[in-house]
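The values are calculated or read from the model by the stated rules, or taken from the named source; none is laboratory data. Keep in mind that what you see is a predicted model, and the values were worked out from it rather than measured. Cβ coordinates were reconstructed from backbone atoms using ideal geometry, including for glycine residues, and neighbour counts include every protein chain displayed.
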Amino acid sequence: MRFFGEVYAVDISRNMVRQARRAVAEFPNAHIFRNNGRDLQAVRRRWWHRFGIGGKLEIDFAFSCLVFQHIPSRAVIESYVSEVNRLLKPGGLFKFQVQGNTDEEPNLDDSWIGYWFNPEDARKLAADNGFELRFDWGAGSQYYWLWFFKK
């Protein structure tokens, strides 16, 4: 946390939020929010409460690990990507991980397996949400990393 001016983190789980808040208690620049599982409204609402509705939160970098690979809905993943774009400064980076397209069709009834992406789907997700996909790695695995830069 010492490397960043401000850190904003979200989780849907009350328990994980509680643990995260304990873990960063000594860092006043770290802000942890319980999220609704669909967007980043919790971050925006707290920011507006703190700085007024006219205030605009702009971030340089966003990161997600071991989350999207478990979300079975493309619409929910796209909502998060769109929300991150809204918060990022132009040129900002969103590095995140999704479920890569594997040889077998995923069972989307299994909450462990999220909606999967292949490189073409990833490029479309980026373009549809105002990003440029500059790098990707691990397309055929559950650890498919994407580097989206805001246009």
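Do we have any residue at all in the range 39-57 that's within 19 Å of the chain's Cα centre (by Cα), buried (at least 18 other Cβ atoms within 10 Å of the Cβ) and modelled with pLDDT of 90 or more?
no
Across the range 58-76, what is the total count of residues that are under 13 Å from Arg38 (Cα atoms) and within 11 Å of the chain's Cα centre (by Cα)?
Result for the range 58-76: 3.
Tally time: how many residues in the range 87-131 are among the charged types (D, E, K, R) and either surrounded by 20 or more Cβ atoms within 10 Å (Cβ to Cβ) or modelled with pLDDT of 90 or more (or both)? Explain how you work it out, then say what you get.
Residues of the range 87-131 among the charged types (D, E, K, R): 89, 95, 103-105, 109-110, 120-121, 123-124, 128.
From what is left, the residues that are either surrounded by 20 or more Cβ atoms within 10 Å (Cβ to Cβ) or modelled with pLDDT of 90 or more (or both) are 89, 95, 120-121, 123-124, 128.
Result for the range 87-131: 7.
Select from the range 62-85 the residues that are in contact with a strand residue (DSSP E or B) (Cβ under 6 Å, 6 or more places away or on another chain), without any contact (Cβ under 8 Å) to a residue 40 or more places away in the chain and either crowded, with 16+ Cβ neighbours inside 10 Å or not assigned by TED's automatic domain parsing to the domain that holds Gln99 (or both) and list them in ascending order.
Ala62, Ser64
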